[in-house]
Amino acid sequence: MDPFGRQIDYLRISVTDRCDERCLYCMPEGYRGWARRADHLTADELVRVVEAATEAGFRKFRLTGGEPLIRKDIVDIARRIWDLTDVQTLGISTNGTHLAGMAGALKRAGVRSVNISLDSLDPLIYRTLTGGSLDGVLDGIDAALSAGFEVVKLNCVLLRGVNESQIRPLVDYAAANRLPVRFIELMPLGPGGPLGDRHFMPVADAMDLLGGRELFRPATSKPQGHGPARYYRYQGNGALVGFIGAVSCEDFCATCNKLRLTANGKLRPCLGRQGEIDLMPGLRAAGPDDGEVVSAIREAIANKPENHAFVEGYVSPRPMTAIGG
Ligand code: SAM
Ligand code: SF4
């Protein structure tokens, strides 16, 4: 339990701060602030951190980044984490660009759930937003559906003036493919990005755009997952739609259950407040001491703030790609 009575048992692990896309909201234009590869946690170190986390009570794990699938040893990392006794669920968040060729291997390695970013179904908007190509991502989604993961979800960041036109097509696509889709409010992560306040769109506005709140019935069952989305059954077409009102929902942090681990070994208690605990000294000490790592994880839980500070104007000096989404 953290000081506010929340059970913290979910660790989101960034395996790299690099990415093959350049989403406007995640990676500031011209970003070159990569951590040195030598500073990235190795597969062995990642497995040691997960083992230490299970000792501190963590049971749910998600691999993320940057783009986790560009890491060559990602399937091996997933398999080794899944093989640990106290790991109950393992998910991965991806932009989907490499998923078509890797979905089967990830499933066999033990990955249970896959979250795929899809901010637009229009190839031009998709390219403007991410720098990448939509076709490969759609193939990746098909591959994930065929591979038989327990859960496949779509994530879309709401951006006023950029992808509002895509909200309805995405909900239709979600219904047609029987996939949950989640709409996420833009968080102010990283300085110098081209997306400022004027692009912020509250989840309530997305609901309005889909015909109003009365068309959303609270879902009786939600897809397996540990995130903060509120799920509804959309009466317009039966889609399961989740909303992540990270900025506009006042009680957003009340059910927070996670810590984040950056690719270079910093534990971050909250996305929206400064404060990190470095695991590297314990991991890379001459006589490695996993007891020190367990203590650092407990310290991060004890330091978890009650809520984020986005509404007070906090902007993380690290962009999302360097924190791990
Ligand atoms: N590359 C993978 C992907 O795109 O899904 C995993 C990493 S990405 C950082 C994880 C999630 O964070 C994605 O769903 C992405 O849309 C979201 N994200 C990134 N920057 C964000 C921001 N500024 N506000 C809200 N969500 C953001
Ligand atoms: Fe890459 Fe994901 Fe960030 Fe987009 S959101 S730049 S795909 S890490």
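No value in this document is a laboratory result; all are computed from the given coordinates. Since the structure is predicted, the reported quantities are computational estimates derived from the model, not experimental observations. Cβ: placed from backbone, ideal geometry, glycine included. Neighbour counts: every protein chain shown.
In the chain, the longest principal axis of the Cα atoms and the axis of helix 134-147 are about 70 degrees apart. Helix 290-302 and the longest principal axis of the Cα set of the chain meet at an angle near 40°. Enclosing the Cα atoms of the chain in their convex hull gives a volume equal to 123 cubic angstrom per residue.
Using 0.36 nm per residue and subtracting the Cα-Cα separation, the extra length available between residue 127 and residue 150 on full extension is 5.3 nm. Comparing 107, 60, 72 in a Gaussian network model of the chain (Cα springs below 10 Å), the most mobile by mean-square fluctuation is 72. When the helices of the chain are scored as -39500 (n - 2.57) per DSSP H run of n ≥ 4 and the total is divided over every residue, the value at 222 nm lands at -8500 deg cm²/dmol. From a point 7 Å beyond the Cα of residue 59 in the direction of its Cβ, which residues of the range 104-122 have a backbone N at a distance under 20 Å? So the set is 110-114. Full extension of the segment from residue 278 to residue 197, taken as 0.36 nm per residue of separation minus the current Cα-Cα distance, would add 26.0 nm.
Among beta bridges identified by DSSP and lying wholly in the range 10-323, the antiparallel ones come to about 25 percent. Over all projection directions, the Cα-based convex hull of the range 85-219 averages an area of 9.8 nm². Shown here for the range 1-39: trypsin sites (Lys or Arg not before Pro) in loop regions (DSSP other than H, G, I, E, B) with at most 13 other Cβ atoms within 10 Å, namely 32, 36. Placing R0 at 41 angstrom, the Cβ-Cβ distance between residue 178 and residue 289 gives a FRET efficiency of 0.30 after rounding to 0.05.
How many angstrom separate the Cα center of the range 134-150 from the Cα center of the range 253-279? First find each Cα centre; the distance between them is then 30 Å. In percent, rounded to a whole number, the relative contact order of the range 10-323 is 21, using alpha-carbon pairs under 8 Å and six or more apart.
Once the Cα atoms are used to define both axes, helix 99-109 deviates from the longest principal axis of the chain by about 50 degrees.
Note on the chain: lysine pairs with Cα distance below 17 Å, sequence gap of 8 or more or different chains, count 10.
As an exercise, identify the trypsin sites (Lys or Arg not before Pro) in the range 108-201 lying in DSSP coil whose Cβ has no more than 14 other Cβ atoms within 10 Å. Mind showing how you got there, number by number?
Details: sites: 108, 112, 127, 153, 160, 178, 182, 198; in loops: 112, 160, 178.
Sparse-neighbourhood loop trypsin sites (Lys or Arg not before Pro): 178.
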